[in-house]
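Here is the structure we will look at, set down as C-alpha cells.
The values are calculated or read from the model by the stated rules, or taken from the named source; none is laboratory data. Since this is a predicted model, take the numbers as computed values, not measurements. Heads up, the Cβs are rebuilt from the backbone with ideal geometry, glycines too, and the neighbour counts pull from every protein chain shown. Note: accessible area is taken over every heavy atom of the protein model, side chains too, but ligands, DNA and RNA are not part of it. Shrake-Rupley method; radii C 1.70, N 1.55, O 1.52, S 1.80 Å.
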Amino acid sequence: MGKVLNTIFLLISLTSFGQKMQEENVFVHVSKNITLVNETVWFQIYLIQDELVPLSKFAYCELVDRNNQAVHQIIIPLQEGKAEGHMDIPNHLESDHYILRFYTRISPLINKNGQGVFSKFITIINPKKPPIQNSLTQKVSKYAFKKPGDYPMLSSEKGLTTNSEIEIPLIKEKATVSVSIINPFLPESFYGFAGQEIYQKLSENSLVIPELYGHIVHAKNLNPEIDTTETFFLSAHGKQSVLNSSKPNLQGDMYFELGPLKEYKFLIAQSLESEKQLNFSPQSPFLPLEFKEDFVFPELILNENDREFIEDLIISAQVNTYFYGQEDLVSIPIITGFVADRTYLLDDYTRFEDMETTLREYVPEVMVRKQSKKTLYKVLNSPLNAIFQENPLILIDAMPVFDTDALARFDPKGIMKLEVLTREFSFNQDKFAGVISFTSFENDFGKFELPTNALYLDYWTIISPKKLISANINPNIGKTNYPDFRTNLFWDTSVTGDKMKIISSEIKGKYELLISYTTEGGETSFNRAVFKVEN
C-alpha cells in the first residue's frame, strides 16, 4: 500500500508551530495572456522557499470569472518546487477577462509577505459568445499589478517581417522564455501580476494541510452521529491504483494521502462497515479565496475595429488545434502494494470459471468455507502455522472487496495476478488477518462490478504531463503548404546556450518576449521586451 504519513498528527502540530514554517512564495510564467476557448495555455511554476525545508508537492490553479466563480480548476504535481503545466481552456466560457491564479495548499495561509498567491489577468475569446458589456467606460485598477522589468538584450525598436528570424542573446541558461502577441484588450493598469493583496484575509481557523509527500484528500463523514472508530477506505484508480484509509474525528473530518500517485481517473470510497449507509463527502482541495470588495475587473470592450485582430486569433486557434503537435509524457511508475508471501500468475494455471474454484484448487494459503450460506475466506497465519479466524483484507486493484459471495462467483479471466500475505497486516490504525490481493490485466478490476455500497467519486484531476513537440510551437516551419499562423511564437521552460532563435509567423502585430528564471539568491527575475512583426 505504500508509505503513509501520519497526517492527522501533522495537521494538529501545525497549529502550535505553524509560525516557524518557511513561507512558500509562488511565481508563475504564463505563455500568453490572450487565448481562444479550446486552446492550451502553458505555464511554469516556481515555488521559492528555504532549501532546507521540504517543498509542497502540489500546486493549485484556478480560472476565475468576475463573479469570483472558479470556472476551471486543476491540480499540478511539483518536482523540487517547479513544474511545467498546461490548462486547456473550456469551450463553454463567455468572452471576457478572467483571473488565472496559483497557490499551494498552505502558501496563502502561512505567507506574511503577500506572495503566497500568484494572480494575473488572461483574456479569453469565444467567437460564439461575445462579451456582455456592462459599460463602455474602462476601469482602472486600484491595486498596483507588478510589471516585468526591461530585458536589456533586445531593443524595443527591433522589428521583424513575417516568416523571418531573429537571434536573441540570453543572459541566463535554463530560463523560461515565451513570445506571444500582445493583448490589446487588457488595460495597462491590469497588466502584470498580483499577490494576496487583492484577496480578503483567510480565516485564522482555516485548516492548514501541508502536502509534503502526496496529495491529501479531505473528506467528511456526514452521519449525524460520528463513530470515530469506523474505518473508511479511499482507493484511487488510473494507470495504477493505491489505497488509503482514515477514521473520522469528532467533527467527521478524514484525511487520505495518495502518496506518490500523481495520475488517477476516479476515486472509490467505502467503509469497513460495508452494510452501513455510506455518507461520505469529499471536500474541495481549493481554498475559498474571495476578492476584496474594491477589487474590480476591467471591461472587455470589443468593436468593429477589432475584427481583423480577432479573425487572426481564430485562424491561429484553428491551426494550433490541427497542425501544431503536443506529446503526452510517460509517467514514471510508482511502487504500490505490499511485499507478498506468495504470488500466483493465473495464466500459469488452468483457468476455472469462478474465483472460488480457483482459490480451492491452486491457493493452499487461502481456505474457502461456507457458513450460513455465506462464503468465507481464511488466510494461513504462517508465523504460527495456523489459520487466521478473522477476515482478511481482500483487494482487487487496490479496491477493498467485502461481498465475498460476489467474489466467489466472479469469473477471473481478467485477473492477471494473485498475491497473498500470510501474516498480520497493519494498515494505518487497523490490523487485518492477512491480505488477498488481485491485480487485473487492464487495471479495470477484471470487470468485477463496483460494490453496491461504494461511492464513485469524480474528483478534481491532477493534470497529466505533456509537452510541445517544438519550442517554436510549429514543428514544420518553412515546409511548403504548411500553415504558420502562430500568435504564440515560442515556449520553452529550459532554454540553454547563449542565444535563442525566434521565428515569426504570418500573423502581424506587436509581440512580447518574457523571460524568467531564479537567481542564485533564490529570487525570481522576470523581464520583458517588445517588438513588431510587419509585412
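Is it the case, given these coordinates, that THR487 is open to solvent by less than 30 Å² (accessible area, probe 1.4 Å) and farther than 30 Å from VAL217 by Cα? So THR487 passes the test. Residues in the range 179-199 that are assigned to a loop (DSSP other than H, G, I, E, B) and in contact with a Leu (Cβ under 8 Å, 6 or more places away or on another chain): PHE185 alone. Entry remark, the range 427-475: residues being touching a strand residue (DSSP E or B) at 6+ places or on another chain (Cβ under 8 Å), among the β-branched types (Val, Ile, Thr) and at pLDDT below 95 number 5 in total. Looking only at residues in the range 183-209 that are aliphatic (A, V, I, L, M) and more than 28 Å from SER516 (Cβ to Cβ), the one that is modelled with the highest pLDDT is ILE209. Annotation: of all residues in the range 358-396 being under 15 Å from LEU418 (Cα atoms) and in a loop (DSSP other than H, G, I, E, B), the one that is most open to solvent (accessible area, probe 1.4 Å) is PRO364. If the condition is being crowded, with 17+ Cβ neighbours inside 10 Å, over 18 Å from LYS378 (Cα atoms) and among the β-branched types (Val, Ile, Thr), then the range 415-459 contributes ILE415, THR439.
For SER284, the criteria (1) among the small types (Gly, Ala, Ser); (2) outside any helix (DSSP H, G or I); (3) buried (at least 16 other Cβ atoms within 10 Å of the Cβ) hold in every case but one, which is (3). Restricted to the range 82-178, the set of strands (runs of 3 or more DSSP E) holding at least 1 residues that are small (Gly, Ala, Ser) and under 26 Å from THR40 (Cα atoms) comprises 82-88, 118-125. Condition check for ILE216 on (1) touching a residue at least 24 places away in the same chain (Cβ under 8 Å); (2) open to solvent by 10 Å² or more (accessible area, probe 1.4 Å): one failure, at (2). If the condition is being closer than 22 Å to ASN453 by Cβ, assigned to a loop (DSSP other than H, G, I, E, B), open to solvent by 10 Å² or more (accessible area, probe 1.4 Å) and in contact (Cβ under 8 Å) with a residue 12 or more places away in the chain, then the range 219-256 contributes LEU222, ASN223, ILE226, ASP227, THR228, THR229, LYS247.
Listed by position, the strands (runs of 3 or more DSSP E) enclosed by the range 420-467 that each have at least 1 residues that are within 29 Å of the chain's Cα centre (by Cα) are 425-427, 435-440, 455-457. Answer with yes or no whether LEU207 is in contact (Cβ under 8 Å) with a residue 40 or more places away in the chain, of a type outside the set (Lys, Arg), under 30 Å from VAL140 (Cβ atoms) and part of a loop (DSSP other than H, G, I, E, B). Criteria not met by LEU207.
The lone criterion from (1) within 30 Å of ASN244 (Cα to Cα); (2) hydrophobic (A, V, I, L, M, F, W, C); (3) within 27 Å of the chain's Cα centre (by Cα); (4) part of a loop (DSSP other than H, G, I, E, B) left unmet by ILE473 is number (1).
Determine if the range 430-453 includes at least one residue that is within 25 Å of LYS239 (Cβ to Cβ), hydroxyl-bearing (Ser, Thr, Tyr) and in contact with a helix residue (DSSP H, G or I) (Cβ under 8 Å, 6 or more places away or on another chain). Please lay out each step first, then the result.
Keep residues of the range 430-453 that are within 25 Å of LYS239 (Cβ to Cβ), which gives 435-451.
Then drop every residue that is not hydroxyl-bearing (Ser, Thr, Tyr), which leaves 437, 439-440.
Next, only the ones that are in contact with a helix residue (DSSP H, G or I) (Cβ under 8 Å, 6 or more places away or on another chain) stay: 440.
Within the range 430-453, one or more residues are within 25 Å of LYS239 (Cβ to Cβ), hydroxyl-bearing (Ser, Thr, Tyr) and in contact with a helix residue (DSSP H, G or I) (Cβ under 8 Å, 6 or more places away or on another chain).
Of the residues making up the range 287-333, those that are without any contact (Cβ under 8 Å) to a residue 40 or more places away in the chain, under 24 Å from TRP42 (Cα atoms) and not in a helix (DSSP H, G or I) are VAL330, ILE332. Only a single item in (1) of a type in the set (Lys, Arg); (2) open to solvent by less than 10 Å² (accessible area, probe 1.4 Å); (3) at pLDDT below 90 is not met by LYS3, and it is number (2). For the range 79-98, the candidate set comprises residues that are among the hydrophobic types (A, V, I, L, M, F, W, C) and at pLDDT 95 or above; within that set, the residue that is surrounded by the fewest Cβ atoms within 10 Å (Cβ to Cβ) is LEU93. Determine, yes or no, whether ILE76 is open to solvent by less than 10 Å² (accessible area, probe 1.4 Å) and either assigned to a loop (DSSP other than H, G, I, E, B) or more than 27 Å from LEU258 (Cα to Cα) (or both). Taking the combined requirement at face value, the residue does not satisfy it. Yes or no: GLY259 part of a loop (DSSP other than H, G, I, E, B), modelled with pLDDT under 95, surrounded by 15 or more Cβ atoms within 10 Å (Cβ to Cβ) and touching a Gly at 6+ places or on another chain (Cβ under 6 Å)? In short, yes. For the range 287-321, filtering for residues that are buried (at least 19 other Cβ atoms within 10 Å of the Cβ) and aliphatic (A, V, I, L, M) leaves 6.
Against the numbered list (1) surrounded by 20 or more Cβ atoms within 10 Å (Cβ to Cβ); (2) under 14 Å from LEU359 (Cβ atoms); (3) in contact with a Ser or Thr (Cβ under 7 Å, 6 or more places away or on another chain), MET399 comes up short only at (2). Is it true that ILE515 is touching a Ser or Thr at 6+ places or on another chain (Cβ under 8 Å), among the β-branched types (Val, Ile, Thr) and over 26 Å from ILE45 (Cβ atoms)? No, not satisfied.
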